[in-house]
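Working notes, beginning with the structure itself.
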Amino acid sequence: MSAPLIEMRGITKSFGAVKANEAVDLSVAPGEILGLLGENGAGKTTLMNVLFGAYAPDAGDILVEGRPVAIHNSADALAAGIGMVHQHFHLAPRLTVLENLLIGIPGKSGRIDRAGGLARLQEIGRQHGLSLEPNLPVSALSVGEQQRLEIIKALFRGAKLLILDEPTAVLAPSEVDGLFAALRSMAAQGLGIIFISHKLNEVRALTHRCVVLRHGKVAGRVDHPASTTSAEMAKLMCGHEIVPPTREASTPGAAVLTLDGISTSGHAGTPLRDVSLFVRAGEILGIAGVSGNGQRALADVISGMLPPKAGTMTIAGKTVAQFSPRELQALGLGRIPEDRMTTGLVTNLPLADSMVLPRIGTEAFSRKGLLNPAAIRAFAEEQIKAYDIRCPGPMVRAGALSGGNLQKALLARELAFDPKVLIVSQPTRGLDIGAARFIHEKFLAMRARGRGIIVIGEDLEELLMLCDRIAVMYEGRIAGTLSSADATVARLGLMMTGAGHTEEAA
Amino acid sequence: MFRLEARSTTPAWFNLALPLIAIAATLILCSGLIAVAGAGVIEAYGVMLSASLGDSYAITETLVRAAPMIFTGLAVAVAFRAKFWNIGAEGQLLAGAVASCFVGAIPMPGYLAMLLMALVGAAAGALVALVPATLRVKFKVDDVVSSLLLNSVIYYALMALIEGPWKDTFSGYPISPPIEDSANFPVLIEGTRMHLGVVVALIAAPLCWFLIARTTLGFRIRVTGENPEAARYGGINVQRVLISTALLSGALAGLAGVGEVGGVHFQVMSDISPGYGYSGIVVAMLARLNPLGVVPAAIFLAAVMTGAEAMSRATGVPAFLSDVIQGTALLAMLVALLFTAYRIRRVGAQT
Ligand SMILES: Nc1ncnc2c1ncn2[C@@H]1O[C@H](COP(=O)(O)OP(=O)(O)OP(=O)(O)O)[C@@H](O)[C@H]1O
Ligand SMILES: [Mg+2]
């Protein structure tokens with residue numbers, strides 16, 4: 001075999017007492033798509049940041065085409081032919097697609113070579129089916145298009161190895177197919193690719209080989225992902241089997257949350273148009289749909305961030321008057337936002353502060369305007385234990401936690417008050433299977449206790465497993481609702497495109 | 001070769017070490033200027049130190065100067081915690097001074113006059129701060145610009161007042177009539193200028209700390225400052241928090257003016273504040289926005305100011321050095337703050 005494109009040898013990297021990577025060996029051959037797997041906090045991102053020059057390793061070497069190289073920053077990495085698409089994109093929103101590509105690329109005699117850039121952009125588009133309108137500002141691009149731009153940017157700079165850190169976490173299922181086609185085409189032309197994902201079916205469909213990390217060390221390698229089962233991979237990642245939870249049959253009670261004729265305006269996304277729905281006690285209602293069809297507005301209305309223009313909402317028989325987060329909370333609504341980092345938590349403050357934030361004014365945490373620091377700390381400590389939130393303690397910066405642990409913290413802060421209804425968006429986005437399973441079990445336990453849950457999501461498999469009924473959103477309306485007995489991926493998929501309307505089944 | 005690397009946690013001793021390092025760096029940098037001015041560096045700093053902290057009288061003078069900067073430092077620290085960018089402490093101070101001077105000139109029992117001066121002065125400062133806060137909350141006007149520009153508005157309004165209706169008809173000087181003698185703040189140490197307002201300032205700092213660290217309003221201020229979207233999602237009325245913060249911040253700055261009128265000058269003139277409002281920004285930054293740190297930071301700047309005058313007399317180095325030290329200290333602190341987010345790492349030993 002020829003020399004690998006990239007080889008990492010004995011990479012070790014610690015953050016204080018945490019060994020994020022320990023003696024990791026990894027190589028990628030030209031034309032190979034390597035899957036990098038591991039639980040939340042296993043060290044995948046850290047390892048890739050070492051490769052891309054964001055962190056200096058404590059020990060270990062990086063070889064590019066057999067030659068040792070020192071990578072101190074992203075410029076070194078790019079010069080060595082390594083490109084990376086981070087989960088949070090690094091684009092200038094006011095500049096156009098083409099301008100973003102040309103940033104930092106010296107043209108002839110100090111001038112920007114627009115024509116040359118445009119030609120390269122079109123060439124890359126033709127080669128891999130990655131086309132973008134060159135003169136559109138980045139702020140007008142969808143998340144999927146921004147990701148495409150990041151990939152094009154890496155290719156533009158001559159990357160021979162492309163690192164993608166959880167690229168599919170931000171994509172709609174339909175966009176994933178396009179991404180995979182492009183990645184396969186790049187690999188066919190000799191590019192090496194490192195692909196990180198928690199979705200094992202994606203890993204099995206796309207990658208040629210996998211490396212599994214656990215607690216910073218290589219826990220195993222998978223040579224034929226396509227012929228390995230998800231369960232086997234999960235076991236390598238977690239060290240034990242993951243059993244899917246079962247949804248016991250149950251008879252739902254009275255409606256705990258009802259929307260009647262809700263319409264919205266003045267919202268960045270698609271507005272709601274005459275949306276009516278309900279969720280009953282002991283029931284999980286799923287909201288499916290291609291993202292951008294009003295799910296954002298729906299979540300914002302129900303969680304009190306966006307007062308509707310028309311329509312009413314009732315919680316446990318009481319009509320909502322103000323649509324403020326505080327009022328809804330008082331009526332017994334629990335809320336878990338889609339964007340944990342920006343909407344859920346305060347990353348620069350102690351974790352405990354984020355965990356008590358929505359209820360800081362209640363008797364539990366303060367009295368007559370004075371905080372009760374002991375109670376706040378005790379609450380956080382209790383939840384950290386109960387939900388197995390992995391962190392050094394309640395006073396750690398919330399931003400230092402991994403995605404799965406952040407989600408557990410948000411879940412804990414709501415469930416501790418046993419809400420009558422819970423609204424949650426993308427509950428397991430970016431979570432490893434173990435953490436996702438844990439969250440699913442909590443939802444099912446709530447359902448068994450007679451609580452209502454609304455899950456807004458794009459992962460149809462997950463919705464089908466959890467939900468008693470699934471409503472499909474299309475262009476700001478409810479296109480139809482299916483009971484779990486009638487719902488299949490195919491039928492839901494059809495309804496999501498605005499075809500086949502189905503009447504309320506219940 | 002060295003490079004910066006993001007750090008995830010900041011060790012606690014940084015809070016103390018950073019300002020000290022920044023101050024040390026400032027004094028070293030400014031020693032170059034002293035040398036250029038033709039004086040001995042050690043001698044010049046020696047004079048500064050002894051003139052500001054060398055004996056008990058010098059210490060009281062430094063404290064008297066520190067008092068207004070404690071108030072403006074607290075005003076800025078509280079505002080910046082909520083990311084309400086109040087650059088207007090100077091104007092709020094002036095408003096507090098004018099308002100308290102009005103009240104102090106009305107004959108009434110002394111204790112009542114003092115209390116009313118404080119209340120009215122604080123209210124005037126709060127009212128001024130309300131302007132940029134309202135503009136920001138209602139119309140998304142940048143608070144840095146509006147609060148800064150308002151300083152000039154207030155300053156020239158004050159000038160119009162003392163050149164016009166308040167002008168001393170007897171002497172013709174542009175100064176306000178003095179407040180009643182009974183409204184003069186009591187001097188606490190015989191033979192010094194150490195007045196009641198200084199003690200109030202020293203008490204205000206721990207009170208502000210308590211407010212930020214231990215009350216729900218303080219919690220809301222902190223959360224709003226760090227992440228307004230999460231605050232809103234968590235049920236905090238972000239606009240109300242910004243307005244409350246502005247009122248509090250303006251009131252504190254207004255009290256700085258009250259102290260100058262009631263305890264030091266007993267009237268209002270055009271140079272009643274040598275930029276105490278702007279110094280408050282330096283103080284708050286050196287204190288890392290911690291109200292308890294405001295006291296030593298203000299005392300440091302006050303010592304530099306009193307010391308610089310004596311140094312100027314003794315060595316001929318212009319007293320403007322005190323302004324240079326202030327500015328340099330702010331820049332040094334901003335650079336030092338970089339190290340709370342990043343660490344320096346040696347790389348390239350193997351290359
Ligand atoms: N900058 C940092 N400072 C301190 N600790 C860190 C830092 N970055 C990561 N860690 C810790 O290192 C470990 C590995 O984190 P890393 O982000 O690499 O995990 P990951 O495998 O990418 O997880 P996920 O699937 O959740 O993205 C975790 O314990 C994490 O808390
Ligand atoms: Mg990661």
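See the values below:
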{"quantity": "Residue list for region A:368-385, restricted to those being facing chain B (nearest Cβ under 8 Å) and in a loop (DSSP other than H, G, I, E, B)", "calculated": "A:Gly369"}
{"quantity": "Close pairs (6 angstrom Cβ cut-off, 6 or more residues apart or separate chains): among the small types (Gly, Ala, Ser) in region A:42-68, within 13 Å of ligand 2 (Cβ to nearest atom) anywhere", "calculated": "A:Ala42/A:Leu213; A:Gly43/A:Ala20; A:Gly43/A:Asn21; A:Gly43/A:Leu213; A:Gly43/A:Gly216"}
{"quantity": "Hits in region A:91-141 (condition: exposed (fewer than 15 other Cβ atoms within 10 Å of the Cβ), within 24 Å of A:Ala187 (Cα to Cα) and touching a residue at least 40 places away in the same chain (Cβ under 8 Å))", "calculated": "A:Gln127, A:Gly129"}
{"quantity": "Enumerated strands (runs of 3 or more DSSP E) restricted to region A:429-506, each holding at least 3 residues that are under 20 Å from A:Leu298 (Cα atoms) and not β-branched (Val, Ile, Thr)", "calculated": "A:469-474, A:477-483"}
{"quantity": "Residues of region B:103-154 satisfying the condition of being under 30 Å from B:Ser182 (Cα atoms) and surrounded by fewer than 16 Cβ atoms within 10 Å (Cβ to Cβ)", "calculated": "B:Ile106, B:Pro107, B:Met108, B:Pro109, B:Gly110, B:Tyr111, B:Leu112, B:Leu115"}
{"quantity": "Conditions (1) within 15 Å of ligand 2 (Cβ to nearest atom); (2) out of contact with any Ser or Thr (no Cβ under 8 Å at 6 or more places or on another chain); number of the one not met by A:Arg111", "calculated": "(1)"}
{"quantity": "Positions within region A:309-335 being under 17 Å from B:Pro228 (Cα atoms) and either assigned to a helix (DSSP H, G or I) or more than 10 Å from chain B (Cβ to nearest Cβ) (or both), in sequence order", "calculated": "A:Pro325, A:Arg326"}
{"quantity": "Pairs, first without any contact (Cβ under 8 Å) to a residue 12 or more places away in the chain in region A:336-357, second crowded, with 23+ Cβ neighbours inside 10 Å and of a type in the set (Ser, Thr, Tyr), C-beta under 9 Å, six or more apart", "calculated": "A:Asp339/A:Ser425; A:Thr343/B:Tyr233"}
{"quantity": "Region A:372-415 - residue that is acidic (Asp, Glu) and under 23 Å from the mean Cα position of the chain (by Cα) and, of those, farthest from ligand 1 (Cβ to nearest atom)", "calculated": "A:Glu414"}
{"quantity": "Test: A:Arg214 is crowded, with 17+ Cβ neighbours inside 10 Å, assigned by TED's automatic domain parsing to the domain that holds A:Gln127, within 16 Å of ligand 1 (Cβ to nearest atom) and not hydroxyl-bearing (Ser, Thr, Tyr)", "calculated": "yes"}
{"quantity": "B:Thr215 being touching a residue at least 40 places away in the same chain (Cβ under 8 Å) and within 11 Å of chain A (Cβ to nearest Cβ)", "calculated": "no"}
{"quantity": "Every pair of residues 6+ apart whose Cβ atoms lie under 6 Å, when the first sits in region B:268-279 and is over 10 Å from B:Ala256 (Cβ atoms) while the second is modelled with pLDDT under 95 and assigned to a loop (DSSP other than H, G, I, E, B)", "calculated": "B:Val268/B:Ser176"}
{"quantity": "Answer from A:Ala70, A:Ala54, A:Ala42, A:Ala17 - the residue that is within 14 Å of chain B (Cβ to nearest Cβ), within 16 Å of ligand 2 (Cβ to nearest atom) and at pLDDT below 95", "calculated": "A:Ala54"}
{"quantity": "Residues located in region A:141-183, provided they are on the phi > 0 side of the Ramachandran plot and of a type in the set (D, E, K, R)", "calculated": "A:Glu166"}
{"quantity": "Enumeration of residues in region A:287-307 that are touching a Leu at 6+ places or on another chain (Cβ under 7 Å), closer than 16 Å to A:Arg273 by Cβ and of a type outside the set (A, V, I, L, M)", "calculated": "A:Gly294, A:Asp300"}
{"quantity": "Selection count where residues are in contact with a strand residue (DSSP E or B) (Cβ under 6 Å, 6 or more places away or on another chain) and among the aromatic types (Phe, Trp, Tyr), scope region B:225-269", "calculated": "0"}
{"quantity": "Any hit, region B:167-179, residues being part of a loop (DSSP other than H, G, I, E, B), in contact with a Pro (Cβ under 8 Å, 6 or more places away or on another chain) and modelled with pLDDT under 95", "calculated": "yes"}
{"quantity": "Members of region B:45-82 found to be surrounded by 24 or more Cβ atoms within 10 Å (Cβ to Cβ) and at pLDDT below 95, listed by number", "calculated": "B:Met48, B:Ser52"}
{"quantity": "Single match in A:Arg469, A:Arg449, A:Arg491, A:Arg437 (criterion: surrounded by fewer than 20 Cβ atoms within 10 Å (Cβ to Cβ) and under 18 Å from A:Pro252 (Cα atoms))", "calculated": "A:Arg449"}
{"quantity": "Single unsatisfied condition, A:Arg120 versus (1) within 26 Å of A:Thr342 (Cβ to Cβ); (2) of a type in the set (D, E, K, R); (3) assigned to a helix (DSSP H, G or I)", "calculated": "(1)"}
{"quantity": "Residue within region A:273-285 that is in a loop (DSSP other than H, G, I, E, B), out of contact with any strand residue (DSSP E or B) (no Cβ under 7 Å at 6 or more places or on another chain) and within 22 Å of A:Ala485 (Cα to Cα) present", "calculated": "yes"}
{"quantity": "Single residue of region A:386-417 satisfying the filter (more than 30 Å from A:Phe278 (Cβ to Cβ) and part of a helix (DSSP H, G or I)) that is farthest from ligand 2 (Cβ to nearest atom)", "calculated": "A:Ala386"}
{"quantity": "Residue check for A:Lys420: touching a residue at least 60 places away in the same chain (Cβ under 8 Å) and away from ligand 2 (no atom under 16 Å from the Cβ)", "calculated": "yes"}
{"quantity": "Condition broken by B:Ala95, with the remaining ones in (1) of a type outside the set (Asp, Glu); (2) farther than 23 Å from B:Val187 by Cβ; (3) not in a helix (DSSP H, G or I) satisfied", "calculated": "(3)"}
{"quantity": "Extreme residue, farthest from the other protein chains (Cβ to nearest Cβ), among residues of region A:423-439 that are within 16 Å of ligand 2 (Cβ to nearest atom) and either free of Cβ contacts under 8 Å to residues at least 60 places away in the same chain or not basic (Lys, Arg) (or both)", "calculated": "A:Ile433"}
{"quantity": "Criterion (over 16 Å from A:Asn73 (Cα atoms) and near ligand 1 (Cβ under 8 Å from one of its atoms)) met by exactly one of A:Gly41, A:Gly60", "calculated": "A:Gly41"}
{"quantity": "Filtered residues of region A:272-316 (kept if buried (at least 22 other Cβ atoms within 10 Å of the Cβ), modelled with pLDDT of 95 or more and among the charged types (D, E, K, R))", "calculated": "A:Glu283"}
{"quantity": "Region A:348-367 - residue that is within 7 Å of another protein chain (Cβ to nearest Cβ) and assigned to a loop (DSSP other than H, G, I, E, B) and, of those, surrounded by the fewest Cβ atoms within 10 Å (Cβ to Cβ)", "calculated": "A:Asn348"}
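The values are calculated or read from the model by the stated rules, or taken from the named source; none is laboratory data. Remember, predicted model here, so these are calculated numbers, not experimental data. Cβ sites come from the backbone with ideal geometry, for glycine too, and all protein chains shown count toward neighbours.
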